[in-house]
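Taking it in order: structure first as structure tokens, then the write-up.
The values are calculated or read from the model by the stated rules, or taken from the named source; none is laboratory data. Quantities reported herein were computed from a predicted structural model and do not represent experimental measurements. Neighbour counts run over all protein chains shown; Cβ positions are idealised from the backbone, glycine included. Side chains included, ligands, DNA and RNA excluded: accessible areas come from the protein's heavy atoms. Shrake-Rupley method; radii C 1.70, N 1.55, O 1.52, S 1.80 Å.
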Amino acid sequence: IVLSMTAHAARIPPSEWTDPRLVRGLRGELVALAYLVSCGWVIEAHRFRLGRHDVDLVIRRHEVVAFVEVKTRRSLRYGAPMESIGWKKRRTIARVAGIWALRNGRWGDTFRFDVVEVLDVAGRPPEVHHIPDAWRMDR
């Protein structure tokens, strides 16, 4: 499992991160990872990197491979977490996913883009919402 986020963060172990956004994001990814495994998915990659871009999770169930963007929020005050994934981010994820598929895909695989929203409110257990096939890239 790769736990780096930026070139700077790559040199600092997650236990020493001080930016609460990085810590919350990693915690959300680990919650999402545990949830997906409990639902029968196999984790193929965590933070698969291509240059400075990454895909949070690559998961597999049989021939279905999902590239997962995890969005962690403390509240829904500014809308659903998925709403923050714009077309530029989707395009970037698709590019990174394409490289993963070329390097690691198997004959017969089908690919999709999922979102896992994690609502991490202090004093409560995290709420997880998995959105399969959240968007499609037009050809």
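Of all the accessible heavy-atom surface of segment 29-139, with the other protein chains kept in place and a 1.4 Å probe, what percent is carbon and sulfur? The value for segment 29-139 is 53 percent carbon and sulfur by accessible area.
Extent of segment 69-139 along its three principal axes (Cα atoms, max minus min coordinate, largest first): 45, 23, 16 Å. Quick one: if the Förster radius is 22 Å, what FRET efficiency do D109 and A80 give, using the C-beta to C-beta distance and rounding to 0.05? It comes to 0.15. Mean residue ellipticity, 222 nm, helices only, the chain: the sum of -39500 (n - 2.57) across DSSP H runs of n ≥ 4, divided by residue count and rounded to 500, is -9500 deg cm²/dmol. Report, to the nearest 10°, how far helix 20-38 tilts away from the longest principal axis of the Cα atoms in the chain, using its own Cα long axis and a range of 0 to 90°. Orientation of helix 20-38: about 50 degrees from the principal axis.
How far is helix 87-104 tilted off the main Cα axis of the chain, in degrees rounded to 10, range 0 to 90? Around 60 degrees separate the two axes.
Per residue, the chain exposes 62 Å² of solvent-accessible protein surface, assessed with a 1.4 angstrom probe and all protein chains in place.
Across the chain, Cα-Cα pairs farther apart than 18 Å form 56% of the total.
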